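Step one of this worksheet: look at the structure below.
Read the figures in this text as sums done on the coordinates, not as results from a lab. The structure displayed is predicted, hence computed values, not measured ones. All Cβ positions, glycine included, derive from the backbone under ideal geometry; neighbour counts span all protein chains shown.
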Amino acid sequence: MRAIHGLSILTLLSSLAPVARAEPGPGEPAASFVAGGGILQRGAHALVLTIDAELLLPPIMLGYRYGLLDGLELGAEAGGDQGLFQALLSAKRRLVERDGGYWGLRLRTGFKTHDWSSGAIVFDDRSWVVSLEHVAALRLGQRRSLALYVNSFVYLDIDLRTPQRQTDVYLAPASLGLEARLGRRFSAFLELGFAIGLNGTQTHTGLLYVSDIFPIGKLGLGLLL
């Protein structure tokens, strides 16, 4: 199903006009999207501040992004909130890009600690996390400075401790996002959707999974350096 969806997006983007990149003035960075609207251009640097409501409680994350190659972006981010801390590395790869659209993948991996409880909900994680995102965007406006995008991802949370080792799987079929470039240096984005959680725990009879559906979201601001 996802392969068919991806092929339809590729067909749409391939029909759009080639990428048109305006040359920046002296001392100005090349205009780029930092979230689902696209990818940093080669040699570009950016700082990204994000409130990430994919987790409970939503952590405040500060990240650095660098356009290593044409179509390849690397990054690092860290942050937390009320007992939660995570530090992640990321790689973003462009599959297709035209002036009117973008299609790509993003991989994130790193370490997370989570110590928090509220009633029957208890988190006491020491985890290795891996997230793979698939993003397709449509750029709008005369300057193509506004992007509507769809983000689907799978997120693995693997507890590093024993004997109560727990592996959680989160699937987001489609989060809807909006990203706007504000001049050449700033970019703001908002993303809303839902995820399906498969929370596992190790018992004496094996690994037991319990499913749940919950809302997710992101709110962020990027600064091109």
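Per-structure values
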| read-out | value |
| --- | --- |
| Ratio Rg/Rh [Cα only; Rh per Kirkwood] for the stretch 80-148 | 1.20 |
| Most to least packed among 44-51, 98-105 [average Cβ atoms within 10 Å] | 98-105, 44-51 |
| Computed E for Val210/Leu160 - FRET, C-beta separation, R0 25 angstrom, nearest 0.05 | 0.75 |
